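Only one structure is covered here, and it is reproduced in the block below.
The values are calculated or read from the model by the stated rules, or taken from the named source; none is laboratory data. What you are looking at is a predicted structure, and each value in this text was computed from that prediction instead of being measured. Cβ placement follows ideal geometry from the backbone for every residue including glycine, while neighbour counts extend to all protein chains displayed. Accessible surface areas use protein heavy atoms only, side chains included; no ligands, DNA or RNA. Shrake-Rupley method; radii C 1.70, N 1.55, O 1.52, S 1.80 Å.
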Amino acid sequence: MVDRVTRDDLPAGRPSGLVGKQIADYRVENEIGRGGMAVVYRARDLRLDRAVALKLLAPELARNDTFRRRFAHESRVAAAIDHPHIVPVFEAGETEGVLYIAMRYVAGQDLRALLDREGPLPPEQAGRIASQVASALDAAHAHDLVHRDVKPGNILVAPGTDSEHPEHVYLTDFGLTKKSLSLTGFTSVGQFVGTLDYVAPEQISGRPVDGRCDVYSLGCVVYETLAGVPPFRRDDDMALLWAHQYDPPPPLTGERPGLPPAVDAVLSKALAKTPAERYETCLQFVAELRAALLGDAAGGSTPPPAPPAWALPVFREL
Ligand SMILES: Nc1ncnc2c1ncn2[C@@H]1O[C@H](COP(=O)(O)OP(=O)(O)OP(=O)(O)O)[C@@H](O)[C@H]1O
Ligand SMILES: [Mg+2]
């Protein structure tokens, strides 16, 4: 017999101590991890007898109407996107005053943990991960869904299928960021708003955001996968926000000598302060990045290889 959870079981701030309890149709098995506004558990869907990741949002979010509306809307949109690099959402709901999301359980680790363990990644691996996240983001943007919180903790890296695909990457947590709420006055001074390492200038200044804010955040993530550190590091949050808005990002090749110089131009376009100056899509950004990492012509660093002598007439005719 499993105990049902009620709001009273949830200590102020965040749900915890729920192992063995039942929440809606899920039995909580063990805690996977926690962020600033939620705890994620591995749980068993009792109807289908399968493992899921069950995310329980902090009770204070359930009391915020703006958040609830966004939660309901964006979970529905995210659940409607069927994409190989977006974590499938099975159900989003509320029980006993607790907002929850049940989604595919991804065995692996997030990119934050991978970077903490391995440091900067080999360029090929960084390129493969960036491509998969980019395809997920472009698909979301095609549904008018802006992620708003692209960061290593929201990128899950699972083992891939074969040596050509050594990792399979999933993007998670659409629209579940507190940062935009804080700009509307929801978050009071001192409340945790999560990392500010990846936040776009227009999010900071409260201007309207579109998919290009995800291009910026992806640019920050890609920078970190290659350099081992995000583009801006400052002693306090205000200085960091200022840097995102006004300071040019330090060239990536300064942090990781040995990369082709063409990568600097690609990163500086992805990290442009004005959305109109960035890449239009995440895949365009990553295509140019990968070309630049290869030292390829499309990356702008080296001229295209000369055609072989026998092919010259053909090229002249063109
Ligand atoms: N579908 C999933 N399968 C397996 N692990 C997951 C899944 N979703 C999230 N996790 C893990 O749960 C942990 C907590 O996630 P959560 O989204 O609460 O925090 P976060 O993204 O690190 O921070 P923030 O609160 O700022 O979003 C992360 O370590 C993440 O790797
Ligand atoms: Mg997350």
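Any residue in segment 29-54 that's within 10 Å of residue 105 (Cβ to Cβ): show its pairings with residues that are among the basic types (Lys, Arg) and open to solvent by less than 30 Å² (accessible area, probe 1.4 Å) at Cβ separation under 6 Å, as long as the two are six or more apart or on different chains.
Partner pairs satisfying both residue conditions: 40/55.
Which of the residues belonging to segment 139-152 are in contact with a helix residue (DSSP H, G or I) (Cβ under 9 Å, 6 or more places away or on another chain) and open to solvent by less than 30 Å² (accessible area, probe 1.4 Å)?
Within segment 139-152, 140, 145, 146, 147, 149, 150, 152 meet the criteria.
Name, by its number, the condition in (1) at pLDDT below 95; (2) open to solvent by less than 80 Å² (accessible area, probe 1.4 Å) that does not hold for residue 232.
Here residue 232 clears every test but (1).
From the set of residues in segment 101-133 that are within 12 Å of ligand 1 (Cβ to nearest atom) and over 23 Å from residue 282 (Cβ atoms), which is modelled with the lowest pLDDT?
Residue satisfying both the conditions and the ranking: 101.
Against the definition (surrounded by fewer than 19 Cβ atoms within 10 Å (Cβ to Cβ) and more than 21 Å from residue 294 (Cα to Cα)), how does residue 253 come out, yes or no?
no
Within segment 143-154, is even one residue at pLDDT below 95, among the aliphatic types (A, V, I, L, M) and closer than 22 Å to residue 217 by Cα?
Within segment 143-154, one or more residues are at pLDDT below 95, among the aliphatic types (A, V, I, L, M) and closer than 22 Å to residue 217 by Cα.
For residue 72, indicate whether it is open to solvent by 30 Å² or more (accessible area, probe 1.4 Å), part of a helix (DSSP H, G or I), touching a residue at least 12 places away in the same chain (Cβ under 8 Å) and in contact with a strand residue (DSSP E or B) (Cβ under 7 Å, 6 or more places away or on another chain).
no
What's the total number of residues in segment 121-138 that are touching an Asp or Glu at 6+ places or on another chain (Cβ under 8 Å) and open to solvent by 40 Å² or more (accessible area, probe 1.4 Å)?
1
For residue 101, are the conditions met, namely being closer than 24 Å to residue 160 by Cα and out of contact with any Pro (no Cβ under 6 Å at 6 or more places or on another chain)?
no
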